[in-house]
1. Which aspartates and glutamates does LYS63 reach when only Cα atoms under 15 Å apart count, and residues fewer than 8 places away in its own chain are ignored?
2. Under a point spin-label approximation (7 Å from Cα along Cα-to-Cβ), what is the ASP40-LYS262 distance to one decimal in nm?
3. Students often check this: by mean Cβ neighbours within 10 Å, which of 348-354, 230-236, 36-42 ranks highest, and how do the rest follow?
4. Computing the accessible area with a 1.4 Å probe over protein heavy atoms, can you report the carbon and sulfur percentage for segment 65-296?
5. Considering only protein heavy atoms, with the full assembly of protein chains and a 1.4 angstrom probe, order ASP22, ASP169, ASP30 by accessible area, largest first.
6. Provide the convex hull volume over Cα atoms per residue for segment 67-217, in Å³.
7. If you count, for each residue, the other Cβ atoms within 10 Å and average over each peptide, how do 285-294, 304-313 line up from highest to lowest?
8. Whenever you get a sec, compute what percent of the accessible area on segment 4-55 sits on carbon and sulfur atoms (1.4 Å probe).
Amino acid sequence: MFELLSEPRKDPILSLSAAYKDDPRTNKLDLGIGVYRNNDGITPVMAAVKAAEQYLLENQPSKAYVGLAGDEIFNEAITHLLLAGTEAEHRAIALQTPGASGALRMLADLIRQTKPDTTVWISDPGYVNHRPIMEAAGLKVRSYPYFDPNTKTLNEAAMLAQFAQLGPDDILLLHGCCHNPTGVDLEFSHWQQIASMSQKQGFLPFIDIAYQGFGDGLEQDLKGLQHVVDQVEEVLITTSCSKNFGLYRERTGAAVLVAKDKQTASKARSRMFEIVRANYTMPPDHGSAIVAHILTTPELKQQWLQELNTMLTRIKGLRTSLRTQFQAKTGEDRFAFFEHHKGMFSVTGLSTEQINRLREEFGIYIVGDSRVNVAGMQEQAIPYLIDSFLAVGA
Ligand SMILES: Cc1ncc(COP(=O)(O)O)c(C=O)c1O
């Protein structure tokens with residue numbers, strides 16, 4: 001039967017990683033896959049995570065099933081991490097999921113069951129998995145302009161003009177911070193406009209926040225999201241512990257639903273249980289048990305915050321180095337965008353030909369949309385990177 005299947009499309013990021021692994025050059029650089037790396041090129045297990053794992057090893061009483069909602073201590077802690085200080089926290093429910101990806105799919109299924117004709121609006125460019133996940137749930141997907149490749153800034157006028165057209169049958173999917181792939185974030189004033197447009201026009205904001213703590217800081221990165229949840233009756237949120245807890249492979253995330261009151265939110269939660277049951281029955285436990293223990297143990301939470309801050313400082317430092325070293329070398333400020341962008345990634349505007357030359361001639365691996373993973377660079381590699389960029393005319 002399976003010979004009937006057509007040839008699958010290659011995953012551009014994973015095939016790039018495979019080519020990188022096979023490259024024998026010692027000065028090669030992988031700027032493709034989206035993981036944080038330290039200056040030794042390693043994606044470390046955070047010390048707070050190791051300590052929580054040690055605690056679980058010694059104290060976890062059982063590996064019996066947990067339940068459809070996953071770890072309720074995690075659910076409460078993650079809701080608090082996102083919504084502390086907002087009025088909306090009291091009309092929100094959370095469900096632990098296998099990563100933010102699992103949360104995106106679960107909420108997409110919920111939208112489809114609630115209002116099958118909904119159109120989900122995603123940014124152009126955007127996170128590669130938004131469209132396939134929404135479409136797999138049977139939803140219509142359209143994109144809104146987001147990025148101006150010439151200035152490497154927000155295409156504000158076109159974006160707001162599109163938002164002005166949205167109505168009650170639309171869901172607006174936004175990146176809470178550290179936009180993937182561009183690195184260009186919304187200003188607080190945009191979040192204010194989105195909240196009032198949503199109130200007037202009736203569209204529902206859906207905020208995917210996968211990099212909380214990687215932009216301006218854990219609380220600062222929530223400013224826009226928290227404004228929207230306090231102004232708008234219904235908001236969907238997906239969140240990830242892959243990056244800020246370094247738990248990538250443990251598949252740890254949550255879906256948060258804010259409704260007009262707790263009763264409505266609880267009803268939605270019961271429907272979410274049905275979706276979970278039909279998909280995977282319950283999420284994996286290990287990652288959420290780690291996060292729950294860290295967030296409810298003051299000393300560990302403090303340690304985690306410090307480690308998160310170290311990652312943030314490193315990313316910002318790399319962004320500044322890219323700009324200043326380029327300036328020192330060329331006398332031009334063409335790499336200023338690196339410092340203005342937020343989070344792990346920046347879209348560089350390199351052409352396909354330049355990307356291919358960087359890979360073939362210099363062993364520098366960049367995905368086809370010209371996104372580079374700044375958070376995966378090493379400080380000592382920046383001079384080579386700049387020389388190579390200049391050699392291909394970037
Ligand atoms: C915008 C965005 N949303 C969601 C995810 C999925 O994260 P997770 O590893 O939690 O599934 C990512 C990961 O790259 C992302 O960039």
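The values are calculated or read from the model by the stated rules, or taken from the named source; none is laboratory data. Owing to the predicted nature of the structure, the values given are computational and were not obtained by experimental measurement. With ideal geometry, Cβ positions are generated from the backbone for all residues, glycine too; neighbour counts draw on all protein chains shown. Please note that ligands, DNA and RNA were not included when accessible areas were found on the heavy atoms of the full protein model with its side chains. Shrake-Rupley method; radii C 1.70, N 1.55, O 1.52, S 1.80 Å.
1. Correct list for LYS63: GLU53, ASP71, ASP285.
2. Here the answer is 4.8 nm between the modelled labels.
3. Details: 348-354: 16.0, 230-236: 19.3, 36-42: 13.6.
Order by mean packing, descending: 230-236, 348-354, 36-42.
4. 48 percent
5. The most accessible residue leads, giving ASP22, ASP169, ASP30.
6. Convex hull of Cα atoms, per residue: 127 Å³.
7. Values: 285-294: 24.3, 304-313: 16.7.
Ranked by mean Cβ neighbours within 10 Å, highest first: 285-294, 304-313.
8. Values: 2020 of 3500 Å².
Answer for segment 4-55: carbon and sulfur cover 58 percent of the accessible area.
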